[in-house]
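Chemist: Sharing a structure here in structure tokens format.
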Amino acid sequence: MISTRKDLENKLNEMLDCVYPYLSINNARLNIGNTRTKYSREIQEFEGFARLFWGIAPCLAGNGDVKHLHHFLDGIKHGTTISDAEYWGESCNRSQKLVEMAALACVLILASDKIDNYFDSTEKEQLLRWLEHGIKYDYPKNNWQFFRVLICVALLKNNHSYPIEIMNESLDYIESFYIGDGWYQDGKTKQRDYYISFAFHFYSLIYVKTMDKEDPKRCEKWKQRALIFGKDFINFFDREGRAIPFGRSMTYRFAQCAFWSACAFAEVYPYPIGVIKGIVLRNLRWWFQQEIYDKSGILTIGYGYENLVLAEDYNGPGSPYWAFKSLLILALPKDHLFWTVKEEPLPKGSLSKALPHAYMLVQSLTNEAIAFSGEQYVSFEPGGVADKYCKFAYSSKYAFNLSRDYYVKERMALDSTLSIEDENGNFILRRKPKLLYLNDYYMVSVWKPYEGTAIYSILIPKEDGHMRIHKVITNKSLTLYDGGFPIIDNDNIKIQNDTDKALLEGDNGFCGIYDLLKNTEIELVKNPPNANLLTPEKTLIPCARIKVNDTKIFGTYIKTENIDSFKSIGIELREHSIVVSNQEILFHDQ
């Protein structure tokens with residue numbers, strides 16, 4: 001149970017205890033697994049070592065005790081000594097080392113005075129010089145620009161020379177990524193994932209806290225952006241503390257709440273501090289109850305459990321320790337208001353809210369947060385991009401499934417999305433959709449999977465689920481599947497399957513799918529174990545199936561609450577619109 005600063009410090013030390021035996025001879029590397037990444041094993045082991053300092057540095061800053069601290073700091077000494085067998089070496093353009101340097105920079109930003117007893121002047125200067133050498137290389141024009149900024153801040157705070165013109169260049173790039181209302185874009189891309197919260201705002205709030213005297217105007221600007229962003233980002237969390245799984249790098253797990261930890265650290269409060277405390281601690285408590293460790297207590301690659309299906313090619317054995325960024329609140333001393341104030345629940349908000357900069361509509365139900373995705377995509381195509389960004393609905397309660405195959409239906413993640421089976425039995429998933437219209441009440445998007453085929457989709461949040469109305473325009477013979485949320489498929493599952501609906505109730509909740517226009521067939525599609533992010537169990541997906549070869553409209557109601565009742569909804573179809581509850585909604589197909 002995490003409720004006090006000491007509780008969290010103990011949890012950090014418990015996790016450090018587990019990795020400590022896997023330090024290298026000179027303590028500068030951490031070997032905790034045998035999987036590989038697109039970068040070398042040596043850099044993987046440096047990454048695993050360095051990421052621990054996202055937790056160690058704030059704990060030191062808050063006058064906490066860090067177990068095995070001597071060994072971890074000894075590793076820094078060896079890693080920055082040129083003649084040492086475990087020297088980390090020079091970096092190069094776009095190297096993963098540049099990413100990991102930021103964690104060590106934060107040691108010098110947050111806790112430089114706390115390590116002085118462990119480093120003599122030569123050793124500390126050696127660390128500073130090694131970091132300085134990383135500034136000159138080429139950094140991708142995205143959130144990586146912050147790594148260079150943090151290195152420069154570390155040098156500045158430790159009275160070491162740094163190239164201010166290069167730092168300003170990175171700050172200018174960061175400014176160019178701002179798109180308004182607290183939102184950034186992560187380079188020239190349409191992805192709006194957790195990198196906006198645990199990268200852009202997280203680093204900017206460290207800057208706000210530590211550079212307010214040197215750069216007050218920028219700090220005030222970044223503070224105001226965080227205040228605005230928080231009003232949107234709160235919708236990604238539910239009352240149990242779960243966040244919506246969405247996008248890449250989900251193996252960073254409890255980094256989901258790092259933005260709120262950074263708000264508390266910088267004393268920037270989009271909501272009362274008790275609300276922020278509640279978001280952070282509920283999220284951490286929920287995560288620490290999941291099966292996210294191996295039998296040695298090491299964080300695994302995965303989400304709700306160890307799962308390599310989830311991994312991107314930059315996820316190594318030590319990568320999950322990026323989650324330690326959420327431990328920034330340990331920098332707050334035990335008498336800080338954050339630790340003494342009472343936790344408050346999530347404030348009650350509206351049923352749904354448009355997030356235009358994220359191409360999203362978010363929904364808050366009784367105990368579930370849902371994000372409807374209209375146009376997100378990642379140009380460099382990490383693994384599973386259609387599953388991670390392009391489904392209709394992402395739920396904090398059900399998570400989502402990942403595809404294993406594009407030829408066998410049962411190994412396709414048909415949940416919460418549209419999928420197409422062509423005449424040859426090949427499947428494709430909704431991918432690269434385009435948002436056409438968005439307000440607080442509904443979303444309209446289009447997917448154009450083939451030349452001559454367009455599928456216009458209207459999504460309408462409701463008190464107990466949501467509606468989807470699709471208009472298909474095509475000259476091909478296709479079979480479409482519209483999937484609901486995945487339900488655990490074991491001996492406890494209860495199924496009611498009729499011609500126009502399917503109701504599933506299992507260990508992870510309830511999902512019903514209703515054929516609104518009485519022109520589809522209901523089918524239950526099995527998915528294999530280890531497909532869902534939250535559970536390794538097999539799942540069952542309720543789907544509506546329809547065959548088309550010209551223009552056709554069909555619709556579903558995906559229901560997750562109020563199991564025992566469903567009121568039929570009158571829908572009037574028009575050539576280019578529908579009318580629901582006396583409101584006309586355009587398909588925007590003209």
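The values are calculated or read from the model by the stated rules, or taken from the named source; none is laboratory data. The shown structure was predicted, so the numbers you read here are calculated from the model rather than taken from an experiment. Here Cβ is always computed from backbone atoms with ideal geometry, including for glycine, and neighbour counts include all displayed protein chains. Side chains are part of the model used for accessible areas, which takes the heavy atoms of the whole protein and leaves out ligands, DNA and RNA. Shrake-Rupley method; radii C 1.70, N 1.55, O 1.52, S 1.80 Å.
Chemist: Would you mind stating whether ALA105 is in contact (Cβ under 8 Å) with a residue 12 or more places away in the chain and assigned to a helix (DSSP H, G or I)? Walk me through how you get there before you give the answer.
Modeler: Details: in contact (Cβ under 8 Å) with a residue 12 or more places away in the chain: yes; assigned to a helix (DSSP H, G or I): yes.
Yes: the conditions hold for ALA105.
Chemist: Go over the candidates VAL275, VAL280, VAL309 one by one and state the one that is among the β-branched types (Val, Ile, Thr), surrounded by fewer than 23 Cβ atoms within 10 Å (Cβ to Cβ) and closer than 19 Å to ALA243 by Cβ.
Modeler: VAL275
Chemist: If you don't mind, another one. Hey, LEU517 hits all of (1) aliphatic (A, V, I, L, M); (2) over 18 Å from GLU410 (Cα atoms); (3) out of contact with any Pro (no Cβ under 9 Å at 6 or more places or on another chain); (4) assigned to a strand (DSSP E or B) but one; which does it fall short on?
Modeler: With respect to (1) aliphatic (A, V, I, L, M); (2) over 18 Å from GLU410 (Cα atoms); (3) out of contact with any Pro (no Cβ under 9 Å at 6 or more places or on another chain); (4) assigned to a strand (DSSP E or B), LEU517 is out only on (4).
Chemist: Now a separate question. Quick one: how many residues across the stretch 327-342 are more than 21 Å from ILE56 (Cβ to Cβ) and loosely packed, with under 15 Cβ neighbours inside 10 Å? Working first, answer last.
Modeler: At the first step, the residues of the stretch 327-342 found to be more than 21 Å from ILE56 (Cβ to Cβ) are 335, 337, 340-342.
Next, from what is left, pick out any that are loosely packed, with under 15 Cβ neighbours inside 10 Å: 335, 337, 340, 342.
The qualifying residues number 4.
Chemist: If the Cβ limit is 7 Å and pairs must be 6+ apart or interchain, which residue in the stretch 507-522 that is on the phi > 0 side of the Ramachandran plot pairs with which residue that is assigned to a loop (DSSP other than H, G, I, E, B)?
Modeler: GLY509/LYS397; GLY509/TYR398; GLY509/THR560; LYS518/ASP500
Chemist: Considering only residues of the stretch 384-410 that are open to solvent by 40 Å² or more (accessible area, probe 1.4 Å) and within 15 Å of ASN530 (Cβ to Cβ), which is nearest to the chain's Cα centre (by Cα)?
Modeler: Here the answer is ARG404.
Chemist: It is to be established whether one or more residues within the stretch 291-300 are under 28 Å from SER352 (Cα atoms), touching a residue at least 12 places away in the same chain (Cβ under 8 Å) and crowded, with 18+ Cβ neighbours inside 10 Å.
Modeler: No; the residues of the stretch 291-300 include none that is under 28 Å from SER352 (Cα atoms), touching a residue at least 12 places away in the same chain (Cβ under 8 Å) and crowded, with 18+ Cβ neighbours inside 10 Å.
Chemist: Which numbered condition in (1) open to solvent by less than 10 Å² (accessible area, probe 1.4 Å); (2) of a type in the set (A, V, I, L, M, F, W, C); (3) part of a helix (DSSP H, G or I) is the only one that PHE372 fails?
Modeler: (3) is the only condition that PHE372 fails.
Chemist: Out of curiosity, is SER261 at negative phi, open to solvent by 10 Å² or more (accessible area, probe 1.4 Å) and polar (S, T, N, Q)?
Modeler: Details: at negative phi: yes; open to solvent by 10 Å² or more (accessible area, probe 1.4 Å): no; polar (S, T, N, Q): yes.
Judged against the criteria, SER261 is not a match.
Chemist: Taking the condition touching a residue at least 12 places away in the same chain (Cβ under 8 Å), touching a Ser or Thr at 6+ places or on another chain (Cβ under 6 Å) and either buried (at least 24 other Cβ atoms within 10 Å of the Cβ) or of a type in the set (Ser, Thr, Tyr) (or both), does ALA413 pass? Talk me through it step by step, then tell me what you get.
Modeler: Working: touching a residue at least 12 places away in the same chain (Cβ under 8 Å): yes; touching a Ser or Thr at 6+ places or on another chain (Cβ under 6 Å): yes; either buried (at least 24 other Cβ atoms within 10 Å of the Cβ) or of a type in the set (Ser, Thr, Tyr) (or both): yes.
In short, yes.
Chemist: So which residues in the stretch 177-201 are modelled with pLDDT under 95 and of a type in the set (Ser, Thr, Tyr), if there are any at all?
Modeler: Residue satisfying the conditions is THR189 alone.
Chemist: Within the stretch 536-590, work out how many residues are of a type in the set (Ser, Thr, Tyr) and under 29 Å from the mean Cα position of the chain (by Cα).
Modeler: Matching residues across the stretch 536-590 total 4.
Chemist: Restricting to the stretch 186-230, what's the tally of residues that are open to solvent by 10 Å² or more (accessible area, probe 1.4 Å), among the polar types (S, T, N, Q) and touching a residue at least 24 places away in the same chain (Cβ under 8 Å)?
Modeler: 2
Chemist: Looking only at the stretch 141-165, which residues are touching a helix residue (DSSP H, G or I) at 6+ places or on another chain (Cβ under 8 Å), crowded, with 16+ Cβ neighbours inside 10 Å and assigned to a helix (DSSP H, G or I)?
Modeler: Result: GLN145, PHE146, PHE147, ARG148, VAL149, LEU150, ILE151, CYS152, VAL153, ALA154, LEU155, LYS157.
Chemist: Among the listed residues GLU100, GLU45, GLU90, which satisfies the condition of being modelled with pLDDT of 95 or more, open to solvent by 10 Å² or more (accessible area, probe 1.4 Å) and among the charged types (D, E, K, R)?
Modeler: GLU45
Chemist: Could you grab the pairs with beta carbons closer than 8 Å, sequence gap of 6+ or different chains, first residue in the stretch 397-409 and under 16 Å from PRO245 (Cα atoms), second one aromatic (Phe, Trp, Tyr) and not in a loop (DSSP other than H, G, I, E, B)?
Modeler: PHE400/TYR394
Okay, residues lined up against (1) among the charged types (D, E, K, R); (2) assigned to a strand (DSSP E or B); (3) surrounded by 17 or more Cβ atoms within 10 Å (Cβ to Cβ); (4) modelled with pLDDT of 95 or more:
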| site | (1), (2), (3), (4) |
| --- | --- |
| ASN490 | no, no, no, yes |
| ILE495 | no, yes, no, yes |
| THR499 | no, no, no, no |
| LYS526 | yes, yes, no, yes |
| ILE546 | no, yes, yes, yes |
| ASP564 | yes, no, no, no |
| ILE578 | no, yes, yes, yes |
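Chemist: Shifting gears a bit: Based on this model, can you work out whether LEU69 counts as farther than 15 Å from LYS325 by Cβ, out of contact with any strand residue (DSSP E or B) (no Cβ under 9 Å at 6 or more places or on another chain), crowded, with 19+ Cβ neighbours inside 10 Å and not hydroxyl-bearing (Ser, Thr, Tyr)?
Modeler: No: the conditions fail for LEU69.
Chemist: Right, another one. Can you confirm whether the stretch 447-457 contains a residue that is within 21 Å of ALA502 (Cβ to Cβ), in contact (Cβ under 8 Å) with a residue 60 or more places away in the chain, open to solvent by less than 20 Å² (accessible area, probe 1.4 Å) and over 24 Å from the mean Cα position of the chain (by Cα)?
Modeler: Scanning the stretch 447-457, I find at least one residue that is within 21 Å of ALA502 (Cβ to Cβ), in contact (Cβ under 8 Å) with a residue 60 or more places away in the chain, open to solvent by less than 20 Å² (accessible area, probe 1.4 Å) and over 24 Å from the mean Cα position of the chain (by Cα), so the answer is yes.
Chemist: Could you check the stretch 252-279 and list, in sequence order, the residues that are under 15 Å from the mean Cα position of the chain (by Cα) and among the hydrophobic types (A, V, I, L, M, F, W, C)?
Modeler: PHE254, ALA255, CYS257, ALA258, PHE259, TRP260
Chemist: I need every pair where a residue in the stretch 174-185 that is touching a residue at least 12 places away in the same chain (Cβ under 8 Å) and part of a helix (DSSP H, G or I) has its Cβ under 9 Å from the Cβ of a residue that is among the hydrophobic types (A, V, I, L, M, F, W, C) and crowded, with 21+ Cβ neighbours inside 10 Å, sequence separation at least 6 or different chains.
Modeler: Taking only residues 6 or more apart or on different chains, the pairs are ILE174/PHE146; ILE174/VAL149; ILE174/PHE200.
Chemist: Right, next: Mind listing whichever residues of the stretch 379-393 are within 22 Å of TYR314 (Cβ to Cβ) and not in a loop (DSSP other than H, G, I, E, B)?
Modeler: Restricting attention to the stretch 379-393, the residues satisfying the condition of being within 22 Å of TYR314 (Cβ to Cβ) are 379-390.
Once the filter is applied, which keeps residues that are within 22 Å of TYR314 (Cβ to Cβ) and not in a loop (DSSP other than H, G, I, E, B), the stretch 379-393 yields VAL385, ALA386, ASP387, LYS388, TYR389.
Chemist: While we're here: Would you mind stating whether SER419 is within 30 Å of LEU308 (Cα to Cα), in a loop (DSSP other than H, G, I, E, B) and of a type outside the set (Asp, Glu)?
Modeler: When the stated conditions are applied, SER419 does not pass them.
Chemist: Among the residues of the stretch 103-149, what is the count of those that are under 16 Å from ILE206 (Cβ atoms) and modelled with pLDDT under 95?
Modeler: So the count comes out to 0.
Chemist: Is the stretch 470-488 home to any residue that is within 18 Å of GLU410 (Cβ to Cβ), part of a loop (DSSP other than H, G, I, E, B) and open to solvent by 20 Å² or more (accessible area, probe 1.4 Å)? Break it down stepwise before answering.
Modeler: Filtering the stretch 470-488 down to residues within 18 Å of GLU410 (Cβ to Cβ) leaves 479-488.
Filter once more, so that each one left must be part of a loop (DSSP other than H, G, I, E, B): 484-486.
Next, only the ones that are open to solvent by 20 Å² or more (accessible area, probe 1.4 Å) stay: none.
Checked against the condition, which is being within 18 Å of GLU410 (Cβ to Cβ), part of a loop (DSSP other than H, G, I, E, B) and open to solvent by 20 Å² or more (accessible area, probe 1.4 Å), the stretch 470-488 yields no hits at all.
Chemist: Could you grab me the full set of residues in the stretch 108-121 that are loosely packed, with under 15 Cβ neighbours inside 10 Å and outside any helix (DSSP H, G or I)?
Modeler: ASP116, ASN117, ASP120
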